[in-house]
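Input: one structure, supplied below.
The values are calculated or read from the model by the stated rules, or taken from the named source; none is laboratory data. Since the model is a prediction, treat every value here as computed from it, not as a measurement. Please note: Cβ atoms are built from the backbone with ideal geometry, for glycine as well, and neighbour counts cover all protein chains shown. Calculation scope for accessible area: heavy atoms of the full protein, side chains included, ligands and nucleic acids excluded. Shrake-Rupley method; radii C 1.70, N 1.55, O 1.52, S 1.80 Å.
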Amino acid sequence: MTKKTSKHTESLKIPELILQTSKFIAYFSSKLVTLFAAKLFTSPLKHKIPKRELEMDCKSIQKRIEIPSINKKVVLYQYGKSSKKILLVHGWSGRGTQLFKIADELVKAGYSTISFDAPAHGKSPGRTTIMSEFVATILEIEKQFGSFDAAVGHSLGGMSLLNAVKKGFKINHLAIIGSGDIVQDILDDFVAKLELKPNISSKLREHFEKKYGQEMDSYSGYKSAMEIDIPVLVIHDKNDPEVAVTAGINIYNHLKNGTLYLTEGLGHRKILGDPVVIDKVVQFVKK
């Protein structure tokens, strides 16, 4: 008997039309399919705000702010009225209201939260983005809104916060949930899901390095972890199908002051609403 996979634990599937298109392009040119893959890799999906997030959306003070270093604008959410601020950062194809259950409990605990729709996400304009723009947004928000007590990031948001702290983002505590780790692993996984030959992954990395003038591996989570002194709580599900648990464990192993909490059966997104996970985040922030 085949075990059924819940919607919370099954990995996202790439539509058949995109798979067939990528294979067709690859048949004629590895260069063209690399460009096609790069476009897909940097194009997040925009989802309608689900009903469960509408309360935070309605109660937040929202404003569009400029991020001069990348010449883009993002929509910002200010939630709660406390002077003690926590920054929340969503993952790829997410939204500034996605961590609403964590935000609710932080507000109850006496904090306010600031979150944002990353470039090309949610209500923010644009169609393409990449992690370095998440990092640039975090650093600009600190410039415009002052210091934060702590930050919480999910998936790519966790990776982005690790990089932001390495680059000077000053907080007392950092909690990351389901964070990615090694950039090459992420590219390898993406190319595998497109059912392309493994060598396209290296070509994709080279394309981004040439375009952005930086080594992609410098953004790997564990590399940032090595340079971080503040307490970091790493939360990851043992059966996360989108970001393997080995990513969280490797980040934890490279931290100077890390705490690791592994869950089971919560997958990549359901974990954000788990009461035990939320309590651990709130208690960690309050230390």
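Which FRET efficiency value, to the nearest 0.05, do you get for Ser83 and Glu227 by plugging their Cβ-Cβ distance into 1/(1 + (r/R0)^6) with R0 = 25 Å?
Once rounded, the FRET efficiency stands at 0.30.
Take every Cα pair under 8 Å in the chain that's 6+ residues apart, average their separations, divide by the length, and report that relative contact order as a whole percent.
Answer for the chain is 18 percent.
To continue, here is another question. In nm, to one decimal, how far is the Glu66 label point from the Leu19 one, both placed 7 Å along Cα→Cβ?
My value for the distance between the label points is 4.6 nm.
Hey, another quick one. Enumerate the lysines that Lys286 could reach by cross-link, defined here as Cα to Cα under 18 Å, with residues fewer than 8 away along the same chain left out.
Filter leaves Lys81, Lys84, Lys85, Lys101, Lys108, Lys170.
Going by amide H atoms built from the backbone, whose H comes under 5 Å of the H on Ile228, apart from near neighbours?
The list, which skips near neighbours in sequence, is Lys256.
Now a separate question. Taking the Cα-to-Cβ direction at Lys256 and at Lys143 and moving 7 Å from each Cα, how far apart do the two end points lie in nm?
With each label placed 7 Å out from Cα toward Cβ, I get 2.7 nm.
Taking 0.36 nm per residue of separation and subtracting the Cα-Cα distance, what length does fully extending Lys210 through Leu54 add?
52.1 nm
Something else now. Express in nm, to one decimal, how much length is gained between Ser218 and Glu264 on full extension, taking 0.36 nm for each residue of separation and deducting their alpha carbon distance.
13.5 nm
Let me ask something else about it. Pop a pseudo-label 7 angstrom from the Cα along the beta-carbon direction at both Lys31 and Lys287 and give the gap in nm to one decimal.
5.3
Tell me, what is the per residue accessible area of the chain in Å², probe radius 1.4 Å?
49
Once you charge only the Cβ atoms, +1 for Lys and Arg and -1 for Asp and Glu, what is the size of the charge dipole of the chain about its Cα centre, to the nearest 20 debye?
So the dipole magnitude of the chain works out to roughly 740 debye.
For the range 9-142, which whole percent of the accessible surface, found with a 1.4 angstrom probe, sits on carbon and sulfur atoms?
Carbon with sulfur: 57 percent of the solvent-accessible area.
What ranking do 116-122, 221-227, 13-19 get when scored by the average of other Cβ atoms within 10 Å per residue, highest first?
116-122, 221-227, 13-19
Could you work out how much longer the chain between Asn172 and Ala109 gets when fully extended? Use 0.36 nm per residue separation minus the Cα distance between them, nm to one decimal.
21.0 nm
Still on this model: Calculated from DSSP H runs of 4 or more alone, at -39500 (n - 2.57) each and per residue, what is the 222 nm mean residue ellipticity of the chain, nearest 500?
-12000 deg cm²/dmol
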